[in-house]
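Below is one structure, written out as structure tokens, with a few remarks after it.
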Amino acid sequence: MTLPTILEDRQREIWQEEQHQIQNLLGLLEDWETDPVDLDRLRQALHQLHELFLLVFVGEFNSGKSALINALLGDIFLEEGVTPTTERIHIIKYGQQEPPEYVSEDVRILRYPADLLREIHIVDTPGTNAVLRRHEAIARDFVPRSDMVIFVTSADRPFTESERIFLENIRQWGKKIVVVINKVDILETPEAVDEILRFVRDQVSRLLDFELEIFPLSARSAKRQWQEPEQGTLDEASGFNAFRHYLLETLTQEGRIRLKLLSPLGVAMRIAGQYQERVADRMQILSGDTQTLEKVERQLELYAVDTQAEFERHMDRIENELLEMRIRGEEFLDDTMRLWKIRDMLDRNRVRKAFVDRVVAQTPEQIESHIQEIIDWLVERELRQWRLMAEELSRRRETDTLQDAAREAAGGFAYNRRQLIDGVGTQAEQVIASFDKRAEAIRMATTLQESVAMVGLVEVSAIGLGLILKALLVSATADATGLLAAGVLGILGLAIIPWRRGVAKREMREKMEALRQQLHQVLGESFRHEIDRSTGRLREAIAPYRRFVLDEEARIRGIDQGLREIQEQLRILETSIEEDSSYPDQTVK
């Protein structure tokens, strides 16, 4: 007989929906870095919904678990002893006695022809707090499969620290728990039994925040009854009858169905809650990563803004140089284009030399110096940005938010994240170590030289930026004045000199303004290109890390939403089971 065969219509609907939600949870977590043990527990929970009720006995070694089960069966079926006698999980099912059936290394099936076992499977577990710690692990790992847990403690050492820890673990799985205080026959008076009972009840209530059913009893006294039937009925002082009666009343068919449906829900809710916390931890890590990326991006934006502002300051200086040259040019024209200097004006070479010496003067070199200052500053700023990015990533590498990295490494998140941060950090450090400021400045200057040369279609050849600027300034200003035009005075006569001087000054202002605008445009475009190139290199370096964070955030949000929806459905199912009037009125803890 299996659970589905005894369900009513409403119960079957709940049973089917419960399977659906656990399968949803399993599917969601299978695509994430989930502990294989938790996936197995969910698969076991699904399997459990098709099996008979599992009544699991747990407790420290020598607390009398096997003796208590023997008392329920009315026979010395399981081995008893003062040393650990149960090494494996023993699932006791109805049937004729035969050699144990092998299920796994840690699980065996035993059979015994007791009516109690027709609808309930009893499970004996290895004792906790034994020398063999593996025994405790076997028992602890089986708890999620249980539908009801009988927690056995001994009157000679009631509710030890190891029992407290073990009971807390059981509670986290949402299991129905009943506490048995065995071996009360060693106590001399009823008052001593009451004292032990009060102590255990107080400790359990303090741990769980609610009261459990607690039964003080003596399995040995109960065993003596069916071993020595001539002694009469079982002494009520042994407490065993009350325990047995409680089980029979609680584990009616409806009661078993209720607990059977609630038990896998507890497992699913525990695992869903556990991974909801892990999702929150992961989101916290990714939030820190996002903040780091945003900080790096803000630094890059500030770097671009500061660089542009610094360029404008240098351009102001360059324009001041051009303004001063224009003023010198106007003064030169006022001084040169005079009637009494007609002889000098007819000497073209002399005028040109004087113009270059007095007007152009050191302007090309000064402009070149300002441009070189911009180049040096920009090169230094880029290097500084690489250092800032390396420092940010170094701080992120050292963050304590990866406390669970070892646990999660198998799933890949911590490993991949660390690899990306290390990779970007290493790349930044390599750029810093190999950054040749002189070579970078030469490359940038060459680019600017070619751009400036194009303003006046000056042949770049092998000349430097200063000579290009000089040729540009002379051709754009001196030639524009008309002073170098052969025969101009002879054709138009001496009367034209004052008018021609005014025209020359106006043309010079126009040419200088055009030159200023051209230089501003060319230099601006060149430096913006360099800024974009620099920020592009920095963004390209950090791009894999950014993509990883964005992808992980999207994936985690999906898992978070899925977990929330599943948990909500599980809570609805739990409420439906608790409130269904077809079940007997009993509170499941």
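When each of Thr307, Thr290 is tested for being surrounded by fewer than 17 Cβ atoms within 10 Å (Cβ to Cβ) and polar (S, T, N, Q), the lone residue that passes is Thr290. Of all the residues in the range 8-17, those that are buried (at least 18 other Cβ atoms within 10 Å of the Cβ) and either within 16 Å of Pro144 (Cα to Cα) or out of contact with any Leu (no Cβ under 9 Å at 6 or more places or on another chain) (or both) number 0. Here the condition is being modelled with pLDDT under 90, of a type in the set (A, V, I, L, M) and outside any loop (DSSP other than H, G, I, E, B); of Ile177, Ile165, it holds for Ile165 alone. Within the option set Pro84, Pro4, being modelled with pLDDT under 85, assigned by TED's automatic domain parsing to the domain that holds Arg171 and either part of a helix (DSSP H, G or I) or under 21 Å from Asn169 (Cβ atoms) (or both) holds for one residue only, Pro84. Looking at the range 192-202, is at least one residue in contact (Cβ under 8 Å) with a residue 12 or more places away in the chain and either among the small types (Gly, Ala, Ser) or closer than 22 Å to Ser66 by Cβ (or both)? Scanning the range 192-202, I find at least one residue that is in contact (Cβ under 8 Å) with a residue 12 or more places away in the chain and either among the small types (Gly, Ala, Ser) or closer than 22 Å to Ser66 by Cβ (or both), so the answer is yes.
Using the structure shown, decide if Asp106 is closer than 24 Å to Gly266 by Cβ and either among the basic types (Lys, Arg) or modelled with pLDDT of 90 or more (or both). Criteria not met by Asp106. Selection of helices (runs of 4 or more DSSP H) fully inside the range 337-405 by the criterion of at least 1 residues being buried (at least 17 other Cβ atoms within 10 Å of the Cβ) and modelled with pLDDT under 60 returns 342-345.
The values are calculated or read from the model by the stated rules, or taken from the named source; none is laboratory data. If you're wondering where the values come from, they're calculated on a predicted model, not measured in any experiment. Don't worry about glycine lacking a Cβ; one is built from the backbone with ideal geometry, like all the others, and counts go over all protein chains shown.
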